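A.B. asks: Take this structure first; my questions come after.
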Amino acid sequence: MIAEAGLAALWFAAALAALQLAMAALGLWRGQAEPVAAVRPIAIVQGGLAAVAMAALIALFLASDMSVRLVVENSHAAKPWLYKFAGAWGNHEGSMLLWVTILGLAGGAVAILERRLPERTLIATLGAQAGIALGFYAFLLFASNPFARVSPAPANGLGLNPLLQDPGLAFHPPTLYIGYVGISVAFSFAVGALVTRDVGPAFARAMRPWVLGAWIFLTLGITAGSYWAYYELGWGGWWFWDPVENASLMPWLAATALLHSVTVLATRDGLRAWTVMLAVVAFSMSMIGTFLVRSGILTSVHAFAVDPERGAFILALLAIYIGGALALFAARIGTVRAGTTFSLVSREGGLVVNNLLLSVILGIVLIGTLYPLVAAGFGVQLSVGPPFFNKAAGPIALALVVAMAVGPLLRWRRDDAGALLDRLIWPIAAAGFTGAALVVLAPPGVLPLFGLSLAAGLAVASVLPLVGRNLRRTPLFTWGMVVAHLGIAVSLAGMACDSAYTSETLVAAAVGQPVRVGPYVVKLDGIKPVVGQNWSALEARLSASRDGETMVLRPQSRYFSDPVTTTSESAIATEWDGQLYTVLGQADGQGRWQLRLWWKPFVTLIWFGGVLIALGGALSLVGRWRRERRIAAREAYA
Amino acid sequence: MRRLLLLLALAVAAPVSADPSTPPAALAYTQLRDPAQEAQARDLMATLRCVVCQGQSIADSDASMAGDMRALVRSRIAAGETPEAIRAWLVERYGDYVTYDPPFGAATWPLWLAPVALLVIGALIARSSFRRTRR
Amino acid sequence: MRRWLIWTPLVLFALLFAIVAGGLFKPADRVVRSALVGKPLPDFTLPPIAPGKPGLSSAAFRQGQPRLLNIFASWCIPCAAESPQLVRLKAMGVPIDAIAIRDTAPALVDFLRRNGDPYDRIGDDRQSAVQLALGSSGVPESFVIDGRGRIVLQHVGDIRADDVATIAAAIRDAK
């Protein structure tokens, strides 16, 4: 019953999306008032219906309704309720339904909240959003029905992949999808603006909160994904340039460039073509990412659905949306009047350099990810991995860090190079001092040395815009910029420390044998069996001592029966200056147990920096919203 | 007590799928005594691909063949071979697939030149944003 | 903006689309093959593992007669599945030697008893050293070696009924 209701809601939502698109097209073409007036309410109801469908699917999972094929294939009655709930989107069909739900709700939110944009542009935007939604509804209804029944209903399901039975599943996919969908809204705005030839500050101000919101969630989603993989997979690494990881990074790079561009367009009416193009590129990257992860054309440890047939459907959608948008761009951008111009040494110039460097990194990641595929087409089998990406993108990323330090200190329109250099005294001094101190006290490799010195320079430079200002009257969005850039510096410092100072110890330890790792002495006290809700495990009790203080860690080797899998649950102790990461391996048959131990100084800065970046974005978002409200209030009283 | 035995049996039983039950090679899970050599070995292992895995380096995989490749790398480094020689030996047998660091050659020059090309093209495009310095 | 520049993104996208569409409709061969096909068999010597069967060395493949080298293990399920085909090849006159990967004597003897024994010699490769030296990426795999010790053909995976003819022909032509 619930499944049928969910499916019906999905069909209705799809029908409304078609209607929304038709009304928008009719209203714009013919200029008729009624279709135009209908678009907003339709968008709101469409979003609501999609949410009903998603709620139905979640209800089916929570109830472990084994007559629905998706529940059978991905769930099990003995699972903890959190993973039944999150398992609703821990598979291909459910995650696509989550996508259209967020898309529908976002469209409804635009319909309700957006008041400043000219009516025509808003209608064009909602029409574009309906077009995107329609493609995904079709995909769901014809190629990925989440509500398909199975008869006869089996007694129990196949269970959820144990690697996914983790709070990370409840957090990582929804945040990423909110990010991707937010970008699709920005894309709809860009298409709407191109269609109505209204590429200007008004359009940028309307689009900006959506870009910021999407970017915040993408940042959080990627940070969460990195940390989840770090503690779940048990190899102590946090990024592997894996195709699925790259698929989430590419939209983020484009969205970062877009978010800087849209501010220039909103406040200075510059970078018009860049902003529209970046909105299209960001959405293309999120769609290509969706495609790569689900189609099976690239091998990855994270790929969760391999289905070439569905891949073909997404490919078709890709061609229509992106090809259409790029053709529209080419046809219309020439008639969009160029914005104001500026000199090279200026804030706008710095932002162009920022766009350029981010786009180059994006290009490198895209080419590196797809290169093995292209080579295979020519019969050559090769692998492209971290050595390539680090060597190719690393230096450019460091150049970007310099640009990030310099940019906020530049004046708009035109600035003087000499004056700029004076402003940079403190950051340069900080970088130099840090580098020298490191070389003397704890010499790292060349690349981490650069990384840490630049991080110090960036940290000082990012705080400089606040110096000399009345902090209580500084706009919140300036604080946002400071915090976000500071977050990058913190994250970079964490990455460099992890790369330079991690120590690793592998040992087959007997009970009671002391093992050194970093500043710790670790002893295996014993192994005992433990049982969980749907797993059993062998748990090691480790005592780790440092400077007279001891703590206990309990890494596990876990066995699941539905499906039959073995996972290793690492035990991590977080201190102020790093993490002690412990993994239990196999017994060696002679009473000793394999232990893998890492001491990772300051590694948590990586993800703490990521959270800071997102926080900076949130401060900017709130700051802009408050500024808009104040302007609107002032205009109302004027 | 029975439950303990059952769980321990579970721990040491070989899985139903095709996996060897012989113990891993000595150097698969043991570090070399010389820290400098171990660091060399670790850096090399992080860039060699596990040929039986879904996209992992031999440093990150628990597959027994990955363990054997780690043992091979460590024993050769201990014997004094350079990482480049070991990588070349493996590439000779498995092709470029086994190295995550694609060698610069006829098949990969577009890959390695792409960053430079992108920078140049990007700079040229960006130049047009500044073309007129004064209004 | 210059006209050609405006259309470049669309062209680039078309190129990107062609690449991913190609990857989708012409799925790449995921099998990792040895790069030594056509090259001489690397030198190796392996001790025996099964009682009554000699160990294996590369010299055995330079005696002037093409031989089939089968890489297998008793813990490998497809290896059991391909045993009948190997027995058939042996009956057709193909000399077969084997390398047992990460195996133990009792398990191996039991495997041969249950599935048949077409092998002249079996080498004991406890740590996959020779497997790595050959560029083999799993079990089972079979190599056709010509009389002068050159690898002529690599068959990845278990030998199916329709593969028998191909392999027998390769052995014949390798003379």
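The values are calculated or read from the model by the stated rules, or taken from the named source; none is laboratory data. Just so it is clear, the structure is predicted and the values come from calculations on it, not from any experiment. Neighbour counts run over all protein chains shown; Cβ positions are idealised from the backbone, glycine included.
A.B. asks: Looking only at the stretch C:99-152, which residues are surrounded by fewer than 24 Cβ atoms within 10 Å (Cβ to Cβ), of a type in the set (G, A, S) and either away from chain B (no Cβ under 13 Å) or under 11 Å from the mean Cα position of the chain (by Cα) (or both)?
C.D. replies: Passing the criteria: C:G116, C:S137, C:G138, C:G147, C:G149.
A.B. asks: Whether any residue in the stretch B:40-47 is facing chain A (nearest Cβ under 10 Å) and not in a helix (DSSP H, G or I) is what I want to check.
C.D. replies: The answer is yes; a qualifying residue exists.
A.B. asks: For the stretch A:162-207, how many residues are assigned to a helix (DSSP H, G or I), over 30 Å from A:N91 (Cβ atoms) and in contact with an Asp or Glu (Cβ under 7 Å, 6 or more places away or on another chain)?
C.D. replies: 2
A.B. asks: Further, regarding this structure: Among the listed residues B:D96, B:D101, which satisfies the condition of being within 12 Å of chain A (Cβ to nearest Cβ) and not in a helix (DSSP H, G or I)?
C.D. replies: B:D101
A.B. asks: Would you confirm whether or not the stretch B:56-65 contains a residue that is in a helix (DSSP H, G or I), more than 7 Å from every other protein chain (Cβ to nearest Cβ), free of Cβ contacts under 8 Å to residues at least 60 places away in the same chain and of a type in the set (D, E, K, R)?
C.D. replies: no
A.B. asks: Further question on the same structure: Within the group C:R88, C:R67, C:R62, which residue is at pLDDT 90 or above, buried (at least 21 other Cβ atoms within 10 Å of the Cβ) and over 27 Å from B:Q54 (Cα atoms)?
C.D. replies: Unique residue meeting the criteria: C:R67.
Conditions (1) more than 13 Å from chain B (Cβ to nearest Cβ); (2) outside any helix (DSSP H, G or I), marked per residue:
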| position | (1), (2) |
| --- | --- |
| A:L298 | no, yes |
| A:H302 | no, yes |
| A:I314 | yes, no |
| A:S343 | no, yes |
| A:V384 | no, yes |
| A:A399 | no, no |
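A.B. asks: Taking only the stretch A:279-296 into account, find how many residues are away from chain C (no Cβ under 11 Å), in contact with a Pro (Cβ under 7 Å, 6 or more places away or on another chain) and not aliphatic (A, V, I, L, M).
C.D. replies: Here the count works out to 2.
A.B. asks: Would you mind stating whether A:M250 is within 23 Å of A:N355 (Cα to Cα), at pLDDT 90 or above and either touching a Cys at 6+ places or on another chain (Cβ under 8 Å) or more than 11 Å from chain C (Cβ to nearest Cβ) (or both)?
C.D. replies: Spelling it out, A:M250 is indeed within 23 Å of A:N355 (Cα to Cα), at pLDDT 90 or above and either touching a Cys at 6+ places or on another chain (Cβ under 8 Å) or more than 11 Å from chain C (Cβ to nearest Cβ) (or both).
A.B. asks: Restricting to the stretch A:126-143, count the residues that are over 24 Å from the mean Cα position of the chain (by Cα) and either among the aromatic types (F, W, Y) or surrounded by 23 or more Cβ atoms within 10 Å (Cβ to Cβ) (or both).
C.D. replies: Summing the residues that are over 24 Å from the mean Cα position of the chain (by Cα) and either among the aromatic types (F, W, Y) or surrounded by 23 or more Cβ atoms within 10 Å (Cβ to Cβ) (or both) in the stretch A:126-143 gives 3.
A.B. asks: If you don't mind, there's one more thing I want to ask. When you scan the stretch A:545-575, how many residues do you find that are basic (K, R), surrounded by fewer than 18 Cβ atoms within 10 Å (Cβ to Cβ) and in a strand (DSSP E or B)?
C.D. replies: Going through the stretch A:545-575 one residue at a time, the tally reaches 1.
A.B. asks: Closer than 18 Å to C:P42 by Cβ and basic (K, R): which single residue out of C:R113, C:R148 fits that description?
C.D. replies: When all the criteria are applied, what remains is C:R148.
A.B. asks: Looking only at the stretch A:345-357, count how many residues are out of contact with any Gly (no Cβ under 7 Å at 6 or more places or on another chain), among the aliphatic types (A, V, I, L, M) and at the interface with another protein chain (Cβ under 9 Å from one of its Cβ atoms).
C.D. replies: Summing the residues that are out of contact with any Gly (no Cβ under 7 Å at 6 or more places or on another chain), among the aliphatic types (A, V, I, L, M) and at the interface with another protein chain (Cβ under 9 Å from one of its Cβ atoms) in the stretch A:345-357 gives 3.
The rows are residues; the columns are (1) among the aliphatic types (A, V, I, L, M); (2) more than 24 Å from B:D68 (Cα to Cα).
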| position | (1), (2) |
| --- | --- |
| C:L69 | yes, no |
| C:W75 | no, no |
| C:G93 | no, yes |
| C:A100 | yes, no |
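A.B. asks: Same structure, new question: Residues of the stretch A:472-490 being part of a helix (DSSP H, G or I) and of a type outside the set (A, V, I, L, M, F, W, C), which ones?
C.D. replies: Result: A:R472, A:R473, A:T478, A:G480, A:H485, A:G487.
A.B. asks: I'd like the residue in the stretch A:63-121 that is in a helix (DSSP H, G or I) and of a type in the set (S, T, Y) and, out of all such residues, is surrounded by the fewest Cβ atoms within 10 Å (Cβ to Cβ).
C.D. replies: A:S95
A.B. asks: Follow-up. Quick one: is A:W210 hydrophobic (A, V, I, L, M, F, W, C) and not in a helix (DSSP H, G or I)?
C.D. replies: Answer is no for this residue.
A.B. asks: Would you say A:V530 is surrounded by fewer than 21 Cβ atoms within 10 Å (Cβ to Cβ), among the aliphatic types (A, V, I, L, M) and part of a strand (DSSP E or B)?
C.D. replies: yes
A.B. asks: Of all residues in the stretch A:239-275, how many are of a type in the set (F, W, Y) and buried (at least 22 other Cβ atoms within 10 Å of the Cβ)?
C.D. replies: 3
A.B. asks: Condition check: of a type in the set (D, E, K, R) and more than 8 Å from every other protein chain (Cβ to nearest Cβ). Does C:D43 satisfy that?
C.D. replies: Considered against the rule, which asks whether it is of a type in the set (D, E, K, R) and more than 8 Å from every other protein chain (Cβ to nearest Cβ), C:D43 comes out as yes.
A.B. asks: Same structure, new question: I'm trying to understand the selection: among the residues of the stretch A:507-525, which are in contact with an Asp or Glu (Cβ under 9 Å, 6 or more places away or on another chain), part of a strand (DSSP E or B) and closer than 20 Å to A:G589 by Cα?
C.D. replies: The answer is A:A508, and nothing else.
A.B. asks: Scan the stretch A:177-196 and give yes if some residue there is at pLDDT below 85, buried (at least 24 other Cβ atoms within 10 Å of the Cβ) and within 30 Å of A:V301 (Cβ to Cβ), otherwise no.
C.D. replies: So far as the stretch A:177-196 goes, no, none of its residues is at pLDDT below 85, buried (at least 24 other Cβ atoms within 10 Å of the Cβ) and within 30 Å of A:V301 (Cβ to Cβ).
A.B. asks: Here's another thing I want to ask about it. From the list A:V511, A:V515, which one is under 24 Å from A:W235 (Cα atoms) and within 14 Å of another protein chain (Cβ to nearest Cβ)?
C.D. replies: A:V515
A.B. asks: For residues that are farther than 18 Å from A:A496 by Cα and charged (D, E, K, R), scanning just the stretch A:576-629, find the one that is surrounded by the fewest Cβ atoms within 10 Å (Cβ to Cβ).
C.D. replies: Result: A:R629.
A.B. asks: Next question. Determine which single condition C:A35 fails, assuming it passes every other condition in (1) out of contact with any Ser or Thr (no Cβ under 8 Å at 6 or more places or on another chain); (2) surrounded by 19 or more Cβ atoms within 10 Å (Cβ to Cβ); (3) away from chain A (no Cβ under 14 Å); (4) touching a residue at least 60 places away in the same chain (Cβ under 8 Å).
C.D. replies: The single condition C:A35 does not satisfy is (3).
A.B. asks: What pairs come up if the first residue lies in the stretch C:1-30 and is within 26 Å of A:R272 (Cβ to Cβ) and more than 7 Å from every other protein chain (Cβ to nearest Cβ), the second is of a type in the set (D, E, K, R) and surrounded by fewer than 17 Cβ atoms within 10 Å (Cβ to Cβ), and their beta carbons are under 9 Å apart, counting only those six or more places apart or on different chains?
C.D. replies: Listed pairs, sorted by first residue: none to list.
A.B. asks: Going residue by residue through the stretch A:405-427, is there one that turns out to be under 30 Å from B:A59 (Cβ atoms) and surrounded by fewer than 17 Cβ atoms within 10 Å (Cβ to Cβ)?
C.D. replies: Within the stretch A:405-427 (the criterion being under 30 Å from B:A59 (Cβ atoms) and surrounded by fewer than 17 Cβ atoms within 10 Å (Cβ to Cβ)), the answer is no, since none of the residues qualifies.
A.B. asks: Among (1) exposed (fewer than 12 other Cβ atoms within 10 Å of the Cβ); (2) modelled with pLDDT of 90 or more, there is one condition C:D29 misses while meeting the rest; what is its number?
C.D. replies: Failed condition: (2).
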